[in-house]
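Computed from the coordinates by the stated procedures, all read-outs in this text should not be read as laboratory data. As the structure is a computational prediction, the values presented were derived from the model and not from experiment. We place every Cβ from the backbone using ideal geometry, glycine too, and count neighbours over all the protein chains shown.
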Amino acid sequence: MGKFLDMLKSEYAQLVQVVNANVKMKDKSLQLLQNKLFILICLVVAIPLSFIAVGSSGGHWIRIVKSGTLNIDGSTTVGNALDNYKYFRSTSWKEFEDQQRRRVVEFNGKIDSKSTIKQWLQSRYSGDVISKLNSKDVSSDIDVNLQFLVNTDSETFKLAYSEVVLNGKIIGRDASHIIDDIYKNKLINDIGFGVGSIYSDEANKIAGDIASKKLEEAKKKYLIDNRSKFVGKYRDAASGEAGKCQLVVKDMNDSFVKIELTIKDTDKKPETYEGFAKIGFAK
């Protein structure tokens, strides 16, 4: 476009020189030159104006949406809510007509997947779990796409479509929930579900393994710290006029206790029984 305008301007300058050099030409010839000059001037002026008009028309629908409000929150404009959402690293707007001549304004917001996944994991799992997770093939961006339809009055519009895309898959389409989370400046809930579908199974297994290991370690420590309190100590399990039962811990380790039970009857020889009891720790 720039080269074409330069060409026209150059020819225009040349014609001006011709006219100035031939002011004494016959009226008819001079009139032809002036007509050609007029046509060229119209072209030079009209072409850029036509481009300006198209550009103005193209931006008008976007301005209608960006400067408008939604019922969810009339205290801020759509443009302010979307362009300033703290999770978007970039935003873009475009407009077009669909096959049925609807006026469509399309918004795209990109969320950095790496930082978002890290934040989601840290909110749910310890560093020990996160450090053991295998790396996943996750796209660099999470895309949030919204489409608004501008009504024929060119003043009002509505949110007609929304989607959240992760790894090329749509993980959310509920427009009311998506726009609500954006307006509240919190992470879109569908993204949490999407990230969870990728990491939760592995993370939960790792967390379970770590918890089991810690439980075993706690069990052994408890027995070491408390063994002397139990082994060799007699306890009266029951007593009465006819005699009594005594219970003594003969031995214990991290999985069972060896117990000796002695029944002392006043009329009979004491009877002793040995048994084992499994040690259990509440999880």
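Brief remarks follow.
- Taken over region 101-136, the residue count meeting the criterion of being over 26 Å from ASP181 (Cβ atoms) and charged (D, E, K, R) is 5.
- Members of region 162-206 found to be in contact with a helix residue (DSSP H, G or I) (Cβ under 6 Å, 6 or more places away or on another chain), of a type in the set (Gly, Ala, Ser) and farther than 19 Å from LYS136 by Cα, listed by number: SER162, GLY172
- The residues of region 152-190 that are under 17 Å from ASP83 (Cβ atoms), outside any helix (DSSP H, G or I) and touching a Gly at 6+ places or on another chain (Cβ under 9 Å), listed by number, are PHE157, SER162, ILE188.
- Some residue of region 194-206 being surrounded by fewer than 19 Cβ atoms within 10 Å (Cβ to Cβ) and assigned to a loop (DSSP other than H, G, I, E, B): no
- Matching entry among SER140, SER176, SER115 (being surrounded by fewer than 19 Cβ atoms within 10 Å (Cβ to Cβ) and under 11 Å from the mean Cα position of the chain (by Cα)): SER115
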